[in-house]
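In what follows, a structure is listed as structure tokens, so that the remarks can point back to it.
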Amino acid sequence: MPEMNTSSLPDLIFTILFFFMIVTTMREVTLKVKFTVPAGTELEKLEKKSAVSFIYVGPPTDNLRAQFGGTTRIQLNDRYAEPKEIMDFIYQERQSMSDQTAQVVSIKADQKTQMGYITDIKEVLRKSWALKVNYSATHRQ
Amino acid sequence: MAKKKRKVPGLNASSTADISFILLIFFLITTSMDTDIGLARRLPQPPEDEEVKQELKIKERNVMEVRINAAGFLWVKDGSESGYVDLAHNPRALRDRAKAFILNEQNLSVLPEKHVINIDLLGQCYLTDKHVISVQTDRGTPYDMYFMVQNELVAAYNELRNDLSKEKFHRLYDALTDEQKVAIRTYFPQKISEAEPKRYGGN
């Protein structure tokens, strides 16, 4: 039986590899808060991923609970932060963006979060001129 | 000694496939193809001067107040009723109220005033351009409830815009051209204001 010619196999695999390399967006932060986003019907896609900054809001994850307690925390990048630190975070994010006017802030907050935290965040966002926000959610039905 | 012509031996490339397979699997695992979705909102511009917090004078008939207290209870007040209407935990009822408020079809004197406005593509329109829907929350209001209220208000606007698009352009709002979208948006501008949270009842 003649051996099958597999010399083009690496090329084939490389092509698939390049496809995934291009579409990949690596999750750059490890989540330190856990959250279940609310469900809604009038949702829009976040278009330009490169222009999106994320703010996570929720109680600390189970393994950090003993250390940080169960009250709601705000996570920016890889650490917990106070609302006033958001302004620096937004400016930093903006510096690294090519189209700075397109900046969108996605707020990924837990359903049970009290509005006080969200209002504080919104207030700081307004002051730092990051006016486009997106309340992250899942589709209902 | 005659030099024998030596052939360069071919590189054994049989492991390239394995190497690229490993890389491929790595990217397969780290890839997150999920697209993020959410409710898009626009925050108002920051106040020019902190000291001068001027209260915008808005006629009472132009305002629909939505209050959500710390227990997640919902009240609505517009001109059609004298006091607050208790909607309990039912934000779905808000959608129709908001639509009726924005439209003011019968041109009632208690609902938002209407003005004649000239819009490209649509011509002379008679609409409630001065209305404001004001959402007030308490610091203890659950985010979930706030989100659902926002969702219903956006839904009300979206339904109105879709109805108008179908009537004028025979297509859904999403399928319109940019100029048509601008016309529809001028007809139904989203006017959801969010006042600073106050403390009242239910704490």
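Would you check if there is a residue in region A:58-65 being within 13 Å of chain B (Cβ to nearest Cβ) and either modelled with pLDDT of 90 or more or over 19 Å from B:Met148 (Cβ atoms) (or both)?
Applying the first criterion (within 13 Å of chain B (Cβ to nearest Cβ)) to region A:58-65 yields A:58-59.
From what is left, the residues that are either modelled with pLDDT of 90 or more or over 19 Å from B:Met148 (Cβ atoms) (or both) are A:58-59.
Yes, region A:58-65 has at least one match.
State all residues of region B:142-179 that are β-branched (Val, Ile, Thr), more than 15 Å from A:Glu44 (Cα to Cα) and not in a loop (DSSP other than H, G, I, E, B); if no residue qualifies, say none. Walk me through it before giving the result.
Our first condition is that a residue be β-branched (Val, Ile, Thr); within region B:142-179, this holds for B:149, B:154, B:177.
After this cut, where a residue has to be more than 15 Å from A:Glu44 (Cα to Cα) as well, the list is B:149, B:177.
The answer is B:Val149, and nothing else.
Could we say that A:Met1 is without any contact (Cβ under 8 Å) to a residue 60 or more places away in the chain, surrounded by 12 or more Cβ atoms within 10 Å (Cβ to Cβ) and part of a loop (DSSP other than H, G, I, E, B) here?
Values: without any contact (Cβ under 8 Å) to a residue 60 or more places away in the chain: yes; surrounded by 12 or more Cβ atoms within 10 Å (Cβ to Cβ): no; part of a loop (DSSP other than H, G, I, E, B): yes.
No, not satisfied.
Please go through region A:94-121 and give me each residue that is under 18 Å from A:Ala51 (Cα atoms) and in a helix (DSSP H, G or I), ordered by number.
Within region A:94-121, A:Arg94, A:Gln95, A:Gln100, A:Thr101, A:Ala102 qualify.
Taking A:Tyr91, is it assigned to a helix (DSSP H, G or I) and touching a residue at least 60 places away in the same chain (Cβ under 8 Å)?
Against the criterion (assigned to a helix (DSSP H, G or I) and touching a residue at least 60 places away in the same chain (Cβ under 8 Å)), A:Tyr91 does not qualify.
May I ask you to list the residues in region A:45-74 that are closer than 17 Å to A:Gly116 by Cβ and touching a Lys or Arg at 6+ places or on another chain (Cβ under 9 Å)?
Answer for region A:45-74, where residues must be closer than 17 Å to A:Gly116 by Cβ and touching a Lys or Arg at 6+ places or on another chain (Cβ under 9 Å): A:Ile55, A:Tyr56, A:Val57, A:Gly58, A:Pro59, A:Thr72, A:Arg73.
Filter region B:98-116 for residues that are touching an Asp or Glu at 6+ places or on another chain (Cβ under 6 Å) and either surrounded by fewer than 19 Cβ atoms within 10 Å (Cβ to Cβ) or among the aliphatic types (A, V, I, L, M) (or both) and give the result.
Going residue by residue through region B:98-116, those that are touching an Asp or Glu at 6+ places or on another chain (Cβ under 6 Å) are B:101, B:115.
B:His115 - this is the single residue of region B:98-116 that is touching an Asp or Glu at 6+ places or on another chain (Cβ under 6 Å) and either surrounded by fewer than 19 Cβ atoms within 10 Å (Cβ to Cβ) or among the aliphatic types (A, V, I, L, M) (or both).
A:Lys84: surrounded by fewer than 16 Cβ atoms within 10 Å (Cβ to Cβ) and closer than 30 Å to B:Phe27 by Cβ, yes or no?
Details: surrounded by fewer than 16 Cβ atoms within 10 Å (Cβ to Cβ): yes; closer than 30 Å to B:Phe27 by Cβ: no.
When the stated conditions are applied, A:Lys84 does not pass them.
Residues are listed down the side, and each one gets a yes or a no for (1) closer than 20 Å to B:Pro44 by Cβ; (2) more than 13 Å from chain B (Cβ to nearest Cβ); (3) more than 15 Å from the chain's Cα centre (by Cα):
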position	(1), (2), (3)
A:Phe68	no, yes, yes
A:Thr72	no, no, yes
A:Arg79	no, yes, no
A:Gln92	no, yes, yes
A:Gln103	yes, no, no
A:Ile107	yes, no, no
A:Lys112	no, no, yes
A:Asp120	yes, no, yes
A:Val124	yes, no, yes
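Say whether the condition of being modelled with pLDDT of 75 or more, more than 14 Å from chain A (Cβ to nearest Cβ) and assigned to a strand (DSSP E or B) is met by at least one residue in region B:41-63.
Yes: one or more hits.
Counting only residues that are at pLDDT 80 or above and in a loop (DSSP other than H, G, I, E, B), how many does region A:6-29 have?
Qualifying residue count for the region: 1.
Taking region B:74-90 as the search range and keeping residues that are touching a strand residue (DSSP E or B) at 6+ places or on another chain (Cβ under 6 Å) and part of a loop (DSSP other than H, G, I, E, B), which one is surrounded by the fewest Cβ atoms within 10 Å (Cβ to Cβ)?
If we take residues in region B:74-90 being touching a strand residue (DSSP E or B) at 6+ places or on another chain (Cβ under 6 Å) and part of a loop (DSSP other than H, G, I, E, B), then B:Tyr84 is surrounded by the fewest Cβ atoms within 10 Å (Cβ to Cβ).
Residues in region A:30-41 that are surrounded by fewer than 18 Cβ atoms within 10 Å (Cβ to Cβ), part of a loop (DSSP other than H, G, I, E, B) and at the interface with chain B (Cβ under 10 Å from one of its Cβ atoms): how many?
Here the count works out to 2.
Failed condition for B:Arg139, given (1) closer than 21 Å to B:Arg61 by Cβ; (2) outside any helix (DSSP H, G or I), with all others met?
The failed condition is (1).
Condition check: within 18 Å of the chain's Cα centre (by Cα) and touching a residue at least 40 places away in the same chain (Cβ under 8 Å). Does A:Val133 satisfy that? So that I can check it myself, show each step before the final result.
Values: within 18 Å of the chain's Cα centre (by Cα): yes; touching a residue at least 40 places away in the same chain (Cβ under 8 Å): no.
So A:Val133 does not fit the description; no.
The values are calculated or read from the model by the stated rules, or taken from the named source; none is laboratory data. Not measured: the values here are computed from a predicted model. Counting neighbours? That spans all protein chains shown, and the Cβs are built from the backbone with ideal geometry, glycine included.
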